[in-house]
Amino acid sequence: MKATLTNYQQSPRKVRLVADMIRGKSVSRARMLLAFADKKSAPAVLKLLESAVSSARTTGASAENLFIKDIQVNMGISMKRFMPMARGQAHKYRHRRASIILMLDAKK
């Protein structure tokens, strides 16, 4: 069971903090950790987890037996922007985005 979230509007470095927190945990434990996590990306990862669980239910797996097999946070697109600086100069900065891939598996 696999679910993806592409071009989430936060840098991958910040999203990886949440992903590392739930990697290898059971679904019920991950739900609890994400519900009380004080990070901006926690609700988006929780929604992604719920999506993966619902797709697992369609294949016949129960939510009690599932655990997070793998979660990857990769670089999405990055928008290039410019900020005006002194004496007519412009400095470049990037708005980074993350792509999240979540895989569930059943306990044996």
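If you filter the range 35-67 down to residues that are among the β-branched types (Val, Ile, Thr) and farther than 13 Å from VAL18 by Cα, you find that the one that is most open to solvent (accessible area, probe 1.4 Å) is THR58. The residue pairs whose first member lies in the range 10-37 and is in contact (Cβ under 8 Å) with a residue 12 or more places away in the chain, whose second member is among the small types (Gly, Ala, Ser) and open to solvent by 10 Å² or more (accessible area, probe 1.4 Å), and whose beta carbons are closer than 7 Å, counting only pairs six or more residues apart or on different chains, are VAL18/ALA37; MET21/ALA37; VAL27/ALA63.
Pairing residues of the range 82-108 that are open to solvent by less than 90 Å² (accessible area, probe 1.4 Å) and at pLDDT below 95 with residues that are outside any strand (DSSP E or B) and small (Gly, Ala, Ser), at Cβ distances under 7 Å and at least 6 apart in sequence or on separate chains, gives ALA106/ALA61. Being more than 18 Å from ARG13 (Cα to Cα) and among the hydroxyl-bearing types (Ser, Thr, Tyr) holds for only one residue in SER41, SER99, SER78, SER62, and it is SER62.
The values are calculated or read from the model by the stated rules, or taken from the named source; none is laboratory data. For clarity, every value in this text was computed on a predicted model and none was experimentally measured. Don't worry about glycine lacking a Cβ; one is built from the backbone with ideal geometry, like all the others, and counts go over all protein chains shown. Heavy atoms of the whole protein, side chains included, go into the accessibility calculation; ligands, DNA and RNA do not. Shrake-Rupley method; radii C 1.70, N 1.55, O 1.52, S 1.80 Å.
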